[in-house]
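Please treat every number below as a calculation from the coordinates, not as lab data. What you are looking at is a predicted structure, and each value in this text was computed from that prediction instead of being measured. Don't worry about glycine lacking a Cβ; one is built from the backbone with ideal geometry, like all the others, and counts go over all protein chains shown.
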Amino acid sequence: MRIRTIDWSKGAIKIIDQTRLPREFKYIYIKSLKELWQAIKVMQVRGAPALGAAAGLGVYLGIKDLKTDSAARLKKELDRVISYIGSSRPTAKNLFWGLERMRKVFLLHKDKPVAKIKDYLLKEARQIMEEDRVACRNIGRYGAKLINRKDTILTICNAGILATIDYGTALGVIYRAYEEGKDPKVFSCETRPMLQGARLTTWELNKLGVDVTMICDSMAATLMQQGRISKVITGADRIAANGDTANKIGTFNLAVLSKYHGIPFYIAAPESTFDLKIKSGKSIHIEERGRKEMTELFFRHPIAPAGVKVFNPAFDVTPHDLISAIITDKGVIRPPYIKNIRKIILK
Ligand code: MRU
């Protein structure tokens, strides 16, 4: 199955509208910056690496029609576009990494004619996507070495094709193990409140023929207690220099449960998810989202009394000492993370 989550096509950003899945598979074309901001906010496009690609393409989309011969004027617009896209969602490092890559390309070529600078910016946005395709396959290759035949792997949220360009990080490891004939089985947490596990992870694993069973998030402990989980693998939105990792809310719960049950707990992420400027997870800005996601979005009728107070953090931070290893595109990083992250990521 060939699915591509995001691309540049017909002068627009082409994405799978993930809010329609699993009931409908539909590409939409984003033609304005405002539409892109909205698409990121409501999660038509989501997942850290896909957001990095959206950032790159978004910067190009935002400046491509600017009518000027002045690089200074272009720079002003580029800065505006970058901070606008950056205001959409705060947690995934990849979004800001993608934006900064675009800024760097501008600075590198700022003395060239504006038309040429625009070409370089589109080239860079395409390069970000190509690099992700390679990075995810490398994560898959390194990660699959940790998977035994017939392992049963628990995951949360969606860190697959739909969260990247076309392969996945945590699910990339599972796809590679599957391609190697290891016959992995997957349990997917539904991932309240936005149900990325139920709607997206089960959808893509099903399409690729990987055995998947969906559970409610609260069922993970029971499965582990019954000895039915051999590994946990999740993606990441931001990894601090000490290995503390922000990922979808509920990831921390799984890490604590894994420790209690002696189950290896792995994070899979590309280099672009690492934020070596922050010492620990304490500095990670956790997005809080709207109440309706919890009280009514996926239900025929509201499931909570009108006006009930809600707390809806989209991510949590798993302390590094609960993580058995971080599977990256540059290799598998083991503790002590403070030393080994730098050694592998900066090599
Ligand atoms: O809110 P989302 O759906 O963007 O959250 C996504 C996740 O938490 C993923 O696990 C993470 O971005 C890694 S995707 C390869």
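Would you confirm whether any residue within the range 14-27 is buried (at least 21 other Cβ atoms within 10 Å of the Cβ), more than 15 Å from the ligand (Cβ to nearest atom) and not in a loop (DSSP other than H, G, I, E, B)? Checking the range 14-27: not a single residue is buried (at least 21 other Cβ atoms within 10 Å of the Cβ), more than 15 Å from the ligand (Cβ to nearest atom) and not in a loop (DSSP other than H, G, I, E, B). Under 6 Å by Cβ, and 6 or more places apart or on different chains, what pairs join a residue from the range 159-175 that is touching a residue at least 60 places away in the same chain (Cβ under 8 Å) with one that is part of a helix (DSSP H, G or I) and near the ligand (Cβ under 7 Å from one of its atoms)? If the second residue must be part of a helix (DSSP H, G or I) and near the ligand (Cβ under 7 Å from one of its atoms), the pairs left are Ala159/Ala170; Thr164/Pro49. Could you list, in sequence order, all residues of the range 164-202 that are surrounded by fewer than 24 Cβ atoms within 10 Å (Cβ to Cβ) and within 21 Å of Glu24 (Cβ to Cβ)? Asp166, Glu190, Pro193, Leu195, Ala198, Arg199, Thr202, listed by residue number.
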